[in-house]
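The values are calculated or read from the model by the stated rules, or taken from the named source; none is laboratory data. Keep in mind the model is a prediction, meaning the values are calculated, not measured. Cβ sites come from the backbone with ideal geometry, for glycine too, and all protein chains shown count toward neighbours. Heads up: the accessible areas ignore ligands, DNA and RNA and are worked out on the full protein's heavy atoms, side chains in. Shrake-Rupley method; radii C 1.70, N 1.55, O 1.52, S 1.80 Å.
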Amino acid sequence: MRDKISEALEKWENKRLNLTEIEDINKKEKRIFYGQKPISIKLDDWNYVIFGMVEINKSGDNSLDLSGYYFVDIIRENFVDDETIFSLIEAMEEIPGIKLCRGTNPIDYITKGNTSIVCEMMRLMFTRPMKRKNINVEN
């Protein structure tokens, strides 16, 4: 699933940047990260996305029913605009089975280093049903 999320976010970013040519896409600065942004990657501005898996929960009465939970963090200098939020939700929900979770999507703030720039960070939570295989059944 992580590869599908990565592909959906890359496609979303390319669309936002109006990148269609492979050469242009390959030249762009990396701004989508899995788990966390590596300290070694220096960005002039704090406008990037981080995604990952949060947990897996048993979801139904059947012992094989599970739900996977994933996060997408949007980090922006100043604020996260509505268009970014809604277009990212739409891009994620194009992945079969992925839905925005019910409830709140927390927002936090941090000052960028020794500057007066405030960054807004929003965490969007998504879920998708999963089936595990019953390893006790002979094929």
If you go through the range 55-71, how many residues are open to solvent by less than 50 Å² (accessible area, probe 1.4 Å) and in a strand (DSSP E or B)? 6
So which of Lys15, Lys99, Lys37 ends up being surrounded by fewer than 13 Cβ atoms within 10 Å (Cβ to Cβ) and among the charged types (D, E, K, R)? Lys15
Of the residues in the range 40-54, those that are closer than 16 Å to Leu124 by Cβ and either open to solvent by 100 Å² or more (accessible area, probe 1.4 Å) or within 8 Å of the chain's Cα centre (by Cα) (or both) come to Val49, Ile50, Phe51, Gly52
Quick one: how many residues across the range 28-40 are under 21 Å from Ile5 (Cα atoms), part of a loop (DSSP other than H, G, I, E, B) and not small (Gly, Ala, Ser)? 7
Looking across the range 77-96 at residues that are open to solvent by 30 Å² or more (accessible area, probe 1.4 Å) and of a type outside the set (Asp, Glu), the single one that is nearest to the chain's Cα centre (by Cα) is Phe86
Please name all residue pairs, on different chains or six or more residues apart, with Cβ atoms under 7 Å, provided the first residue is in the range 30-49 and is farther than 17 Å from Leu17 by Cα and the second residue is open to solvent by 50 Å² or more (accessible area, probe 1.4 Å). Tyr34/Arg2; Ile41/Lys30
Note down all Cβ pairs under 9 Å where the first residue falls in the range 9-25 and is within 11 Å of Val49 (Cβ to Cβ), the second is assigned to a loop (DSSP other than H, G, I, E, B) and open to solvent by less than 100 Å² (accessible area, probe 1.4 Å), and they're at least six residues apart or on different chains. Glu13/Leu19; Glu13/Lys28; Glu13/Arg31
The residue that is nearest to Lys58 (Cα to Cα), considering only those in the range 102-121 that are open to solvent by 60 Å² or more (accessible area, probe 1.4 Å) and not polar (S, T, N, Q), is Arg102
Tally up the residues in the range 18-27 that are surrounded by 10 or more Cβ atoms within 10 Å (Cβ to Cβ), in a helix (DSSP H, G or I) and not acidic (Asp, Glu), please. 1
Can you name the number of the only condition in (1) farther than 24 Å from Val118 by Cβ; (2) part of a loop (DSSP other than H, G, I, E, B); (3) at pLDDT 90 or above; (4) not aliphatic (A, V, I, L, M) that Lys15 fails? (2)
Identify the single condition in (1) touching a helix residue (DSSP H, G or I) at 6+ places or on another chain (Cβ under 7 Å); (2) part of a loop (DSSP other than H, G, I, E, B) that Ile74 does not satisfy, given that it satisfies every other one. (2)
